[in-house]
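Inspection log for the structure reproduced underneath, given as structure tokens.
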Amino acid sequence: MDKSLKSIINNQINYFSSKKTIDIDLRINSLKNLLREIKSSEDEIESALFKDLGKSKGESYLTEINFVYTEINIAIKNIRRWAKRKSVRSSLINFPSSDYIIPEPYGLTLHISPWNYPFQLSIAPLIGAVAAGNTVVLKPSEYSKNTSLLLEKILSNVFDPSHVVVVNGGVDISTKLLEFKWDYIFFTGSIGVGKIIAKAAAKNLTPTTLELGGKNPCIVDETASIEISAKRIVWGKFTNCGQTCIAPDFIVVSKKIKEKFIYELKKQIVKTYGNNVVDNDEYGRIISDKHMNYLVSLLEKENIIHGGKFNFDDKFFEPTLVEINNLESKIMEDEIFGPILPIIDYDDFKEVHDIIKKYSHPLALYIFTKKKKFGRKFLESYPFGGGAINDTVMHIANDRLPFGGVGQSGMGKYHGESTFNTFSHFKAYLNKPLWIDPPLRYPPFKNKINFLKKILKLI
Ligand code: NAD
């Protein structure tokens, strides 16, 4: 085992064992300090995000920094209530007793984060872990290196490393970290790596949250509002250059409105990013040459109906529409995670069901329709992480909606109170008085069984 990692982890074990993190004031003050440090580092954060992903100041503020402010403020305001022991009704068979649930921290938590929202996706889980009284080792992505180094600086200015520490590095460091015994692992990233994490966690039966990806279908039926649907889809797809886990991956549109809808999509792309997107400083960039190559390979043999330009010099990739007529093409195999939007049409809605089944358990599912009951019934009939009727991506902006996947797209939920719950074990106990000890539960049962059955039926 790596000696320096071992020493970091031993320090966290000692810190957690000292019970310092049980103190709610320490948790609140840590989060207040974190908030202050982030506020004073806003310019640096925006600059790092620009260097890593070409994110504009506006986009960085809205999708990364402000998101984190909201999460910290909610936690600071509610920790005392969340962490309180709660009294629940006793059961008849236990009468008399007082029954309680008390949230307690797991202990040492390992967080491994991705590069696409490298600030937000590193800090948001950490807020809940600290709020719930855990220690944190955070391993950010090696691809978003400017943000990862800044995270190290910000967090070391706020926390004692035996409480929260950043360990930067790539797969080698991740692998070494996974050799240790953790009390909780929180991973955000690809499905493939998620399986590696789950396997490593299984060695010690470590509970795990896996925030993964996949192909998110976006359905547009014949009644959809063409202009608003196109506008909201263009925004959800091309923000952060398509590198968003809950971006619509592909569109399935009714043949009846297809031509008009494609016309409107093109119009909205131009309206949002201009005719010469490469010169628009509010349009982001692709993270790496490796990902550029992958996106370029997806366009081979495809029918490009808008965009398609790219250059490796500054990792620019134009918002691109591709028309497809079957699901066999390479572009429909894996998550695109870039600004390419395949469009397929349907005649009969049955075809839509087949398509959704093929990409079952997506992280997000969207439907654009004016038929209210139908929209609701549609979303309620498939398993998926989160989604929307007549919108994309925005379910993430409500901390009261738990965020996370199901099946292939992950396990576990967070945001707002759900993050606190994720990092808490809800310990249950009852307190029995000594003044009475009803004989019912003790053998011999022979003469009590009928009475017992009656009592149990009442429960
Ligand atoms: P990734 O899985 O390649 O990497 C994520 C993290 O895991 C990085 O820190 C990386 O260093 C580490 N890692 C990579 N290979 C590893 C290995 N073999 N062993 C241990 N650790 C390893 O993911 P990415 O490319 O950074 O991010 C893109 C993926 O993340 C997409 O699939 C996207 O959908 C998903 N994602 C999901 C969410 C969500 O909330 N569900 C959010 C953002 C991104």
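Restricting to region 217-404, what percent of DSSP beta bridges are antiparallel, rounded to 5?
Bridges in region 217-404 are about 20 percent antiparallel.
May I ask what percent, to the nearest 5, of DSSP beta bridges between residues of the chain are antiparallel?
35 percent
For the full complex of protein chains and a 1.4 angstrom probe, list TYR143, TYR382 by accessible area with the highest value first.
TYR143, TYR382
How large, in percent, is the carbon and sulfur part of the accessible surface of region 217-404 at a probe radius of 1.4 Å?
Accessible surface attributable to carbon and sulfur in region 217-404 totals 50 percent.
Counting pairs of alpha carbon atoms under 8 Å apart in space and at least six apart in sequence, what relative contact order in percent does the chain give?
18 percent
Accessible area per residue for the chain in Å², computed with a 1.4 Å probe and the full protein assembly in place, what is it?
Value for the chain: 47 Å² per residue.
Once you sort the root eigenvalues of the Cα gyration tensor of region 333-395 as a ≥ b ≥ c, which label holds: rounded (a/c under 1.5), prolate (a/b larger than b/c) or oblate (the other case)?
Since a/c stays below 1.5, the shape of region 333-395 is classed as rounded.
Test of the criteria: in region 49-152, which trypsin sites (Lys or Arg not before Pro) are in a DSSP loop and have at most 11 other Cβ atoms within 10 angstrom of their Cβ?
ARG85, ARG89
Is region 332-459 rounded, prolate or oblate when judged by the Cα gyration tensor, a ≥ b ≥ c being the square roots of its eigenvalues, rounded requiring a/c under 1.5 and prolate requiring a/b larger than b/c?
Taking the square roots of the gyration eigenvalues as a ≥ b ≥ c, region 332-459 is prolate.
Post the alpha-carbon centroid distance, region 271-309 to region 156-201, in whole angstrom.
With region 271-309 and region 156-201 each reduced to a Cα centre, they are spaced 32 Å.
Report the one residue of MET394, ASN10, LEU363 whose Cα lies farthest in the direction of the positive end of the charge dipole of the chain (charges on C-beta: Lys and Arg +1, Asp and Glu -1; origin at the Cα centre).
ASN10
Would you compute, from DSSP H runs of 4+ residues alone, the mean residue ellipticity of the chain at 222 nm, taking -39500 (n - 2.57) per run and dividing by the full residue count, rounded to the nearest 500?
-12500 deg cm²/dmol, from helical runs alone.
Would you list, by chain and number, the lysines whose Cα falls below 25 Å from the Cα of LYS448, excluding same-chain residues fewer than 8 positions away?
LYS432, LYS457
Between the DSSP loop rule and a limit of at most 15 other Cβ atoms within 10 Å, which trypsin sites (Lys or Arg not before Pro) in region 235-304 are left?
Filter output for region 235-304: LYS255, LYS256, LYS301.
Whenever you get a sec, line up TYR414, TYR429, TYR359 from highest to lowest accessible area (probe 1.4 Å, protein heavy atoms).
Sorted by accessible area, descending: TYR429, TYR359, TYR414.
From the Cα gyration tensor of the chain, with a ≥ b ≥ c the square roots of its eigenvalues, which class applies: rounded if a/c is under 1.5, or else prolate if a/b is larger than b/c, or else oblate?
oblate
Measure out, as a whole number of angstrom, how far apart the alpha-carbon centroids of region 1-79 and region 341-402 sit.
Here the answer is 33 Å between Cα centres.
With everything on Cα atoms, drop me the angle between helix 145-158 and the longest principal axis of the chain, reported from 0 to 90° to the nearest 10.
30 degrees
Scan around GLY284 for amide H atoms under 5 Å from its own, H built in the peptide plane at 1.01 Å from N, and keep only partners 5 or more places away or cross-chain.
Here the answer is ASN240, CYS241, since their amide H atoms fall under 5 Å of that of GLY284.
The values are calculated or read from the model by the stated rules, or taken from the named source; none is laboratory data. Only a predicted model underlies this, so the values are computations on that prediction, with no experimental measurement involved. Ideal geometry is used to build each Cβ from the backbone, glycine not excepted, and the neighbour counts take in all protein chains shown. Just so you know, the surface numbers come from the protein's heavy atoms only, side chains and all, with ligands and any DNA or RNA stripped out. Shrake-Rupley method; radii C 1.70, N 1.55, O 1.52, S 1.80 Å.
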